[in-house]
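Just below is one structure, and these are the notes that go with it.
The values are calculated or read from the model by the stated rules, or taken from the named source; none is laboratory data. In this text the structure is predicted, and so the values were computed from the model without any measurement. Don't worry about glycine lacking a Cβ; one is built from the backbone with ideal geometry, like all the others, and counts go over all protein chains shown.
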Amino acid sequence: MRPSGRDISEMRPVSIETGVTRHAEGSCLIRCGDTHVLCTASIDERVPPWMKNSGLGWVTAEYGMLPRSTHTRTNREAKRGQSGRTQEIQRLIGRSLRACVDRPALGERQITIDCDVIQADGGTRCASITGGWVALRLAVDKLLKAGLVTSDPLTDHVVAVSCGVYAGQPILDLDYPEDSEAGVDGNFVLTGDGRLIEVQMSAEGATFSRDELGTLLDLAGQGAEELKAAQSAALG
């Protein structure tokens with residue numbers, strides 16, 4: 001039995017609210033159970049210096065957790081310096097989103113996705129990727145509407161979900177009590193048509209078999225379909 005009482009293949013309730021900030025070109029608040037992440041997309045008509053005159057666009061990401069997003073207060077990283085975990089997660093978000101971006105079609109501009117965790121209960125990086133794509137979609141729609149790009153630079157949806165082995169059972173969408181006790185923990189990033197972008201898997205307390213990996217991949221695919229549907233519903 002899972003601590004939440006969910007079935008092994010049951011996602012937490014997912015909701016995505018768009019247009020939650022006034023100034024960003026794209027924004028949403030994604031809620032995956034008790035994990036809540038604010039995602040914004042900001043367009044800059046310049047690219048990093050090393051990409052100048054390349055004709056290619058760029059999508060990058062920044063990630064952070066608010067001081068009381070967890071059970072105890074954590075000092076802001078602006079004060080104590082960015083952790084290795086934060087750097088790893090924001091690179092993952094950027095890589096994941098770029099996987100479905102036609103960079104020549106985007107043109108020589110940069111879109112920055114900011115993911116700020118308001119409340120954490122496991123799966124913050126996955127929620128950031130899923131919500132980050134919605135914010136990116138909204139920003140790109142503004143470019144298309146303004147005629148600043150002539151073809152859609154986004155080639156597919158991007159979603160992410162966690163899966164793992166808890167109490168000997170493969171389960172979908174781990175919350176914090178499960179994540180902290182899981183024998184195997186994984187994050188799966190997928191396209192809208194189910195192709196894999198990235199898989200992060202590790203044996204936290206037990207090794208896992210090929211068959212178990214196959215089961216986790218199947219669960220991730222099921223979760224990805226639900227997340228894609230939530231993205232589409234949010235975008236209308």
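Look at Thr60 and say whether it is assigned to a strand (DSSP E or B), buried (at least 21 other Cβ atoms within 10 Å of the Cβ) and touching a strand residue (DSSP E or B) at 6+ places or on another chain (Cβ under 8 Å). Don't jump to the end; show me each part of the working.
Working: assigned to a strand (DSSP E or B): yes; buried (at least 21 other Cβ atoms within 10 Å of the Cβ): no; touching a strand residue (DSSP E or B) at 6+ places or on another chain (Cβ under 8 Å): yes.
So Thr60 does not fit the description; no.
If a residue must be in contact with a Pro (Cβ under 8 Å, 6 or more places away or on another chain) and either closer than 15 Å to Arg125 by Cα or without any contact (Cβ under 8 Å) to a residue 40 or more places away in the chain (or both), how many such residues does the stretch 33-59 contain?
So the answer is 1.
Looking only at helices (runs of 4 or more DSSP H) that fall completely inside the stretch 73-166, which ones have 3 or more residues that are in contact with a Leu (Cβ under 7 Å, 6 or more places away or on another chain) and closer than 19 Å to Ser232 by Cα? Explain how you work it out, then say what you get.
Values: elements: 77-80, 84-98, 103-106, 124-145.
Of the helices (runs of 4 or more DSSP H) lying wholly inside the stretch 73-166, those with at least 3 residues that are in contact with a Leu (Cβ under 7 Å, 6 or more places away or on another chain) and closer than 19 Å to Ser232 by Cα span 124-145.
Which pairs do you get when a residue that is more than 16 Å from Ala135 (Cα to Cα) and crowded, with 19+ Cβ neighbours inside 10 Å, found in the stretch 88-102, comes within reach of a residue that is at pLDDT 95 or above and among the aromatic types (Phe, Trp, Tyr), reach meaning Cβ atoms under 8 angstrom, with the pair 6+ apart or on two chains?
The qualifying pairs are Ile89/Tyr63.
Hey, any hits in the stretch 123-139 for a residue that's at pLDDT 95 or above, over 15 Å from the mean Cα position of the chain (by Cα) and surrounded by fewer than 17 Cβ atoms within 10 Å (Cβ to Cβ)?
In the first step, residues of the stretch 123-139 are kept if they are at pLDDT 95 or above; the result is 123-139.
Checking which are over 15 Å from the mean Cα position of the chain (by Cα) leaves us with 138-139.
Still in the running and surrounded by fewer than 17 Cβ atoms within 10 Å (Cβ to Cβ): none.
Scanning the stretch 123-139 turns up no residue that is at pLDDT 95 or above, over 15 Å from the mean Cα position of the chain (by Cα) and surrounded by fewer than 17 Cβ atoms within 10 Å (Cβ to Cβ).
Considering only the stretch 198-229, how many residues are in a helix (DSSP H, G or I), among the hydrophobic types (A, V, I, L, M, F, W, C) and closer than 26 Å to Glu88 by Cα? Give the steps one after another, and end with the answer.
To start, the set of residues in the stretch 198-229 that are in a helix (DSSP H, G or I) comprises 210-229.
Filter once more, so that each one left must be among the hydrophobic types (A, V, I, L, M, F, W, C): 213, 216-217, 219-220, 224, 227, 229.
From the residues that got through so far, the ones that are closer than 26 Å to Glu88 by Cα too are 213, 216-217, 219-220, 224, 227.
So the answer is 7.
Being hydroxyl-bearing (Ser, Thr, Tyr) and more than 12 Å from the chain's Cα centre (by Cα) is the filter here, so list the residues in the stretch 41-64 that pass it.
Those that are hydroxyl-bearing (Ser, Thr, Tyr) and more than 12 Å from the chain's Cα centre (by Cα): Ser42, Ser54, Thr60.
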